[in-house]
Amino acid sequence: MACVHLPMAYRLMLATAFVMLMSYPVPASDELPRESVLPLSLAGKAIQASLDACNKDGYRVSVSVVDRAGVLRAMVRADGAGPHTVDSSRKKAYTAASLRRPTTELAELINKVPTLQALREMNDQVLMLGGGVPIEIGGEVVGGIGVGGAPGAQLDDACAQAGLGAIGAVPKVSATK
């Protein structure tokens with residue numbers, strides 16, 4: 001078999017093309033999505049600020065914080081808060097995180113647009129009642145906070161907003177009482 005002598009420039013061009021066409025393995029970890037996680041310390045700080053705001057006004061409430069997937073991170077029921085407030089605060093937090101909107105806004109929306117009533121039946125964790133707000137930090141929804149037990153949705157909203165303010169999250173509702 002005869003040995004073929006190629007010009008040096010041609011050999012370099014072939015070698016460069018070969019290297020460029022080689023597939024480089026990409027580690028699987030590079031393909032995983034990157035998500036911010038709400039630390040438990042911030043969840044606790046938000047809960048305490050919400051409880052303090054409601055307690056200052058004489059409201060005995062429960063406050064829940066969920067992560068972006070709606071999984072409970074922390075929950076506290078104030079002394080004297082009704083047992084129903086535990087589920088309502090958790091479901092409000094879940095709804096706000098899942099649908100990425102304040103629950104008061106969602107409740108108003110489904111009242112205005114009857115075809116959206118089906119949102120109430122999405123699953124048994126959804127609660128279309130004011131008091132739940134998404135927790136948005138750094139342009140990303142990282143969870144939700146829900147307050148249940150104050151005598152009115154706007155009051156639950158104000159207490160939830162106090163929790164957002166305590167952790168530097170984006171305000172979602174008017175804090176008027």
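Annotations
- Any hit, the range 78-100, residues being touching a Pro at 6+ places or on another chain (Cβ under 8 Å), within 16 Å of residue 127 (Cβ to Cβ), in a loop (DSSP other than H, G, I, E, B) and in contact (Cβ under 8 Å) with a residue 12 or more places away in the chain: yes
- Evaluated against (1) within 16 Å of residue 92 (Cα to Cα); (2) surrounded by fewer than 19 Cβ atoms within 10 Å (Cβ to Cβ); (3) touching a residue at least 40 places away in the same chain (Cβ under 8 Å), residue 159 falls short on exactly one condition, (2).
- Answer residue from the range 83-111, given it is within 11 Å of residue 62 (Cβ to Cβ) and surrounded by fewer than 21 Cβ atoms within 10 Å (Cβ to Cβ) and is farthest from the chain's Cα centre (by Cα) among those: 83
- Under the condition of being in contact with a strand residue (DSSP E or B) (Cβ under 6 Å, 6 or more places away or on another chain), under 14 Å from residue 52 (Cα atoms) and not acidic (Asp, Glu), the residues counted in the range 150-177 number 3.
- Residue within the range 124-139 that is buried (at least 24 other Cβ atoms within 10 Å of the Cβ), among the polar types (S, T, N, Q) and on the phi < 0 side of the Ramachandran plot present: no
- Qualifying residues in the range 55-82 (those that are within 19 Å of the chain's Cα centre (by Cα) and among the basic types (Lys, Arg)) - the one surrounded by the fewest Cβ atoms within 10 Å (Cβ to Cβ): 68
- Top-ranked residue of the range 121-177 - restricted to ones that are touching a helix residue (DSSP H, G or I) at 6+ places or on another chain (Cβ under 6 Å) and charged (D, E, K, R), ranked as farthest from residue 39 (Cα to Cα): 177
- Failed item, numbered, when residue 97 is tested on (1) more than 20 Å from residue 161 (Cβ to Cβ); (2) out of contact with any helix residue (DSSP H, G or I) (no Cβ under 7 Å at 6 or more places or on another chain): (1)
Every number in this text was worked out from the coordinates using simple rules, so none of it is lab data. Quick caveat, the model's predicted, so the values are computed rather than measured. So basically every Cβ, Gly included, is an ideal-geometry build from the backbone, and we count neighbours across all protein chains shown.
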